[in-house]
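Peer 1: Take this structure first; my questions come after.
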Amino acid sequence: MYIHKLQYVILLLISTTVFAAPPEKCPDVNQLAQMLLKMEFHGRRSYAHNSCLKKVKSKAVVVRPEQRDEGLSKPREIKGWIKDFKLVKIEKIKKIDFPERYLVIFSYYLNKKKQFDQMEIQTFDGTIKKIAGCAAIVTPPKNLILTKECINP
Amino acid sequence: MTSIVRADLPCSYSCTSPCIPSYPSPIASLPPLQTLRDRLLDISTLSPSDAADLLMNTFYQNCDAADLPPYLLLKHGEMRGYSLKRHPWNGGSASQVVDLTKAVESQYYLQCPQNSKRKFCTDFCKTPPTYIWGGKGTYKKNGELNLFTNENSIEKISKHPGIDCSGYINAVFAIAGLKVRTDMKASKVASTTPAKWFMKESTCFDRVKFNDGLKAGDLISWRKHIVMIDKVSTDPFALDSVNNISQCNSRYIDPLKFKLIVSNSLGGINDENKDQIFSAADLFGDEEIKSSTAPFTGVGIGISKIPFGHLAMKYPVEIMELATSACLAKFGKESKWNKIHITRHKLADTKSMPANHECLETDKDKVNIEGRKCIYTNCNM
């Protein structure tokens, strides 16, 4: 019984890290881009799969599915499934002409073919960091691709 | 209901009594003054912000709803006593009452129990309203809008009134007698015109630039939400302390210091955790915010007036884009912001409505709002 209680406490501690406060000093933009990309490939924009997000844990980025797409007339189309997130690579990150915003160009292998896509992200500081975490996606990738581990999250 | 003072006109005396603006002599040619009651009875002269106040009071059957202090999310949290229900694949939220006491207590704008001496009022103390995705009221063929019911698919789940963000804004313009779209009448607009539609400059709305100044009745819209400005200060984004363009970023811009109140129908913030209730401290972790134990249940309050900056909890990218763009504009740089827009109805500032205008609803298509009789009969105007 004591072990069960201990397991319960440990589980509680782990579950609360999903919503823990962002760190005092945020990771650099490369690391933040990597975290956000991981969220993208783990169901951030697919309501049916967004419980897969629990596989993505980060203190720096608020792990929350994109707010409900109220107004969608049909589910977002999943363009493909990749075997592993390790097949995703950030090719380039460049600053764009708006404060704290970056363009993230990345590649992934789908059906053994290399594909490219991009997303815009924004970093946060000050009060908004306490509310929203260190960064968020501004413009998501064109295609919705998920990892196969999200098939049965 | 306390009088709504026209911000553009001076009061003739202090506002301890109903404040009726006095027209200075240079504009004596304007038509005779109308009292607030007259303006509200003749809905063709309602400004968007007047219409928003009328709609709010009518929706809650409460004379004072629109005049209550802004709903502070960090203090009050979200609705309690509801079970959250989700659309199966797009996640739109509806809810059911499971604990009536908590539901009534958490609905800020209801007065329960209702005063039994009031006439013609509907009692919502057993079915307190919330935000409901897809909720827009029902528009009858005779031109009446019933805000207290929704289409069957929604009524099956949520057996209480509720409205979503675009449903609310479309209803506001319908009541004001102002067209949102020139290609269809008000009763058809609500089901076809989501928040993101209002982002584009259209035949009935003009884009507002920061240097033009923001006004009550202006709309702020982005892909996921739309709000109407209720009260705005001369420094809405708290940029007075920003001294140079290099400070136009999130280190120097604090959404919790914005001086801008908006009216909207607000959905849940913590809406993916239907089986858990989180407090503000759990979600946001800040020491100051930790002092609040406001629960975030995922069930949004619905029609409400809130500090605009509080929406940064749910839409940080859009809210910060707007404030950052305002900051850049302060230093003469026009940014290519495109995620969030401010628009104003072409007839919003019109003091004397033209007889005909493509953005003015015709007499036969004007929308009346059910439940208005309660307000006119019982509210001290």
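Peer 1: Which is buried (at least 21 other Cβ atoms within 10 Å of the Cβ), free of Cβ contacts under 8 Å to residues at least 60 places away in the same chain and assigned by TED's automatic domain parsing to the domain that holds B:Asn249, of B:Val189, B:Val232?
Peer 2: B:Val189 is the lone residue from the list that is buried (at least 21 other Cβ atoms within 10 Å of the Cβ), free of Cβ contacts under 8 Å to residues at least 60 places away in the same chain and assigned by TED's automatic domain parsing to the domain that holds B:Asn249.
Peer 1: Moving on. If you take the residues of segment B:195-216 that are within 21 Å of B:Ile303 (Cα to Cα) and either buried (at least 21 other Cβ atoms within 10 Å of the Cβ) or hydrophobic (A, V, I, L, M, F, W, C) (or both), which of them is modelled with the lowest pLDDT?
Peer 2: Within segment B:195-216, the match that is modelled with the lowest pLDDT is B:Met199.
Peer 1: Check B:Asp240, B:Asp235, B:Asp230 and return the single one that is assigned to a strand (DSSP E or B), of a type outside the set (Val, Ile, Thr) and at pLDDT 90 or above.
Peer 2: B:Asp230
Peer 1: Please verify whether segment B:244-256 includes one or more residues that are more than 20 Å from A:Gly126 (Cα to Cα), in the same structural domain as B:Lys305 (by TED's automatic domain parsing) and hydroxyl-bearing (Ser, Thr, Tyr).
Peer 2: no
Peer 1: Also, quick follow-up: Can you go through B:Pro69, B:Pro113 and tell me which one is surrounded by fewer than 18 Cβ atoms within 10 Å (Cβ to Cβ) and over 23 Å from the mean Cα position of the chain (by Cα)?
Peer 2: B:Pro113
Peer 1: Assess whether B:Lys140 counts as being among the charged types (D, E, K, R) and either within 19 Å of the chain's Cα centre (by Cα) or over 22 Å from B:Ala52 (Cβ atoms) (or both).
Peer 2: Against the criterion (among the charged types (D, E, K, R) and either within 19 Å of the chain's Cα centre (by Cα) or over 22 Å from B:Ala52 (Cβ atoms) (or both)), B:Lys140 does not qualify.
Peer 1: If you don't mind, there's one more thing I want to ask. For segment B:280-363, list the helices (runs of 4 or more DSSP H) that sit wholly inside it and hold at least 1 residues that are farther than 30 Å from B:Ser95 by Cβ, facing chain A (nearest Cβ under 10 Å) and at pLDDT 85 or above; which are they?
Peer 2: Here the list reads B:316-330.
Yes or no, residue by residue, for (1) surrounded by 23 or more Cβ atoms within 10 Å (Cβ to Cβ); (2) in a helix (DSSP H, G or I); (3) at pLDDT 95 or above:
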| site | (1), (2), (3) |
| --- | --- |
| B:Arg37 | no, yes, no |
| B:Leu54 | yes, yes, no |
| B:Glu78 | yes, no, no |
| B:Pro88 | no, no, no |
| B:Ala94 | yes, no, no |
| B:Lys126 | no, no, no |
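Peer 1: Suppose we keep only residues that are within 14 Å of chain B (Cβ to nearest Cβ) and in a loop (DSSP other than H, G, I, E, B) within segment A:79-133. Which one would you say is farthest from the chain's Cα centre (by Cα)?
Peer 2: Of everything passing the filter in segment A:79-133, A:Asp97 is farthest from the chain's Cα centre (by Cα).
Peer 1: When you scan segment A:134-143, how many residues do you find that are part of a strand (DSSP E or B) and out of contact with any helix residue (DSSP H, G or I) (no Cβ under 6 Å at 6 or more places or on another chain)?
Peer 2: Result for segment A:134-143: 1.
Peer 1: Moving to a separate point now. Look through B:Tyr60, B:Tyr82 and report the one residue that is surrounded by 19 or more Cβ atoms within 10 Å (Cβ to Cβ), at pLDDT 90 or above, in contact with a helix residue (DSSP H, G or I) (Cβ under 8 Å, 6 or more places away or on another chain) and assigned by TED's automatic domain parsing to the domain that holds B:His310.
Peer 2: After applying the criteria, what remains is B:Tyr82.
Peer 1: Let me ask another. Consider A:Val61 carefully, then state whether it is surrounded by 18 or more Cβ atoms within 10 Å (Cβ to Cβ), out of contact with any Gly (no Cβ under 8 Å at 6 or more places or on another chain), modelled with pLDDT under 90 and away from every other protein chain (no Cβ under 11 Å).
Peer 2: For A:Val61, the condition - surrounded by 18 or more Cβ atoms within 10 Å (Cβ to Cβ), out of contact with any Gly (no Cβ under 8 Å at 6 or more places or on another chain), modelled with pLDDT under 90 and away from every other protein chain (no Cβ under 11 Å) - is not met.
Peer 1: Sticking with this one: Can you spot a residue in segment B:199-218 that is within 14 Å of chain A (Cβ to nearest Cβ) and touching a strand residue (DSSP E or B) at 6+ places or on another chain (Cβ under 7 Å)?
Peer 2: For segment B:199-218, residues within 14 Å of chain A (Cβ to nearest Cβ) and touching a strand residue (DSSP E or B) at 6+ places or on another chain (Cβ under 7 Å): present.
Peer 1: Taking the criterion of being touching a His at 6+ places or on another chain (Cβ under 9 Å) and at pLDDT 55 or above, would at least one residue in segment A:16-31 satisfy it?
Peer 2: Scanning segment A:16-31 turns up no residue that is touching a His at 6+ places or on another chain (Cβ under 9 Å) and at pLDDT 55 or above.
The values are calculated or read from the model by the stated rules, or taken from the named source; none is laboratory data. These numbers come from a predicted model, not from an experiment. As a convention, Cβ positions derive from the backbone with ideal geometry for all residues, glycine included, and neighbour counts pool all protein chains shown.
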